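Input: a single structure, listed below in structure tokens.
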Amino acid sequence: VGSVGVNAGDTLAVQQGATIIAQGNFNIQVSGTLMTLGTEAKQVTFTSQDPTRFTDFASVYKGHWGGIVCDSSAHYVYMRYTHINFTGGPDSGGGAQATFDFEGSALDKGVNVVIEDCWFYGGVDDGIHLAGNITASIKRNVIQRLGGPDGESMNIKAGVKGDISYNYIWSAANNSIKLNASASNLTQVTKMNIYNNTIVDGSFRKVGEVVNSILIDANASANIYNNVMVGNFAGLNITHAKTTKKGVTSYTGADTLNCHYGNNLIYAPADSLGQYIYRVGGFCKKQSTDITGTGATLC
């Protein structure tokens, strides 16, 4: 019936089998440690009490409650076998909140975030948003119908490192997986291993912009292997932007020297979208180990 605060130095442990029902636009604000200890047999669920949440399709993007928000002093997050549904309620400024948001870790030694075997369903903005000195393990999750007209399923930035693997992402609004860092602060490097993910039917709700299944941008790098991207508006985009002013060339795109990729399967649902399997003007090109195609039948 109200927002929950986890103070610095404190731990909130949600026991296996628990169901937490938000009766309004509340959130869980973490400055300490959060652990949701679900098991395959006894899963944890965070959800809304709104009776329309399953019967009204538009209600998926209504923003029933505020999700989980970790501030820069949060110490550790461990989430297993946990459902987080119907998030995106507005913050104090009126902006939609992410399902899980770890904003700018400031701890010198860094923090660990483990999100494994979880389910995220229905929300207005980003699904998993991580920024700062974080080591992350994001594995075997199902992320469905995140983002209304905008919002990444995973938005990873500002120095995060780790693994994104074996996830199933369906119907993303914006990019399904996005990595970036800073074009001006070259010591801030985001680097992830992105492998064995399945990305389906994404990027069609974003208006006026071509967005991607996987986007590597702004001084970020990744190893991208064995992913399946089928039925999305666009496939893999590793940016390679450069500008020249007064004879000096500067790069504002991905850290392409440290980007490696291959063994990906990418099918576009229409022939007209074939140009976006690998973005024209981007860095990445089809590898000999990749399989690609276009058209509804093949897709």
Exercise. Output the relative contact order of the chain, whole-number percent, from Cα pairs under 8 angstrom with separation of 6+ residues.
Key: 10 percent
Quiz item: Between residue 257 and residue 35, what is the spin-label point distance in nm, taking each point 7 Å from the Cα along the Cα→C-beta axis?
Solution: 4.2 nm
Exercise. Send over a whole-number figure in Å² for the accessible area per residue of the stretch 1-87, probe 1.4 Å.
Key: 48 Å²
Quiz item: Which value, in debye to the nearest 20, gives the size of the charge dipole of the chain about its Cα centre, when Lys and Arg are +1 and Asp and Glu are -1 at the Cβ?
Solution: 680 debye
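Rank 37, 130 by accessible area, highest first, at a 1.4 Å probe radius?
Working: 37 55, 130 0 Å².
If we order 37, 130 from most to least accessible, we get 37, 130.
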Practice problem: Quickly work out the residue 297-to-residue 223 label distance, labels modelled 7 Å from Cα along the C-beta direction, and quote it in nm with one decimal. | Solution: 3.9 nm
Practice problem: First check a/c for the stretch 84-169, with a ≥ b ≥ c the square roots of the eigenvalues of its C-alpha gyration tensor; if it is under 1.5, answer rounded, and if not, answer prolate when a/b is larger than b/c or oblate otherwise. | Solution: oblate
Exercise. Report in % the part of the accessible area of the stretch 147-236 that belongs to carbon and sulfur, leaving out ligands and nucleic acids; probe 1.4 Å.
Key: 54 percent
Exercise. Give the calculated FRET efficiency between residue 13 and residue 168 to the nearest 0.05, with a Förster radius of 41 Å applied to their Cβ-Cβ distance.
Key: 0.90
Practice problem: Multiply the residue separation of residue 20 and residue 270 by 0.36 nm, subtract the distance between their alpha-carbon atoms, and state the gained length in nm to one decimal. | Solution: 85.8 nm
Quiz item: Applying the Karplus parametrisation 6.51 cos²θ - 1.76 cosθ + 1.60 with θ = phi - 60° to the phi angles of the stretch 112-118, what ³J(HN,Hα) value in whole Hz is obtained for each residue in order, glycine and proline being reported as x?
Solution: 10, 10, 10, 10, 9, 6, 10
Quiz item: Is the stretch 1-50 rounded, prolate or oblate when judged by the Cα gyration tensor, a ≥ b ≥ c being the square roots of its eigenvalues, rounded requiring a/c under 1.5 and prolate requiring a/b larger than b/c?
Solution: oblate
Quiz item: If you rank 65, 119 by how much accessible surface each has, with a 1.4 Å probe, what is the order from largest down?
Solution: 119, 65
Exercise. Return P(r) of the stretch 1-141 (all Cα-Cα pairs; 10 Å bins starting at 0; whole %; ordered from short to long distances).
Key: 13, 44, 36, 7, 0
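The values are calculated or read from the model by the stated rules, or taken from the named source; none is laboratory data. Please read all numbers here as calculations on a predicted model, not as lab measurements. Virtual Cβ from ideal backbone geometry, glycine too; neighbours counted across all protein chains shown. Quick note on the areas: whole protein, heavy atoms, side chains included, nothing else; ligands and nucleic acids left out. Shrake-Rupley method; radii C 1.70, N 1.55, O 1.52, S 1.80 Å.
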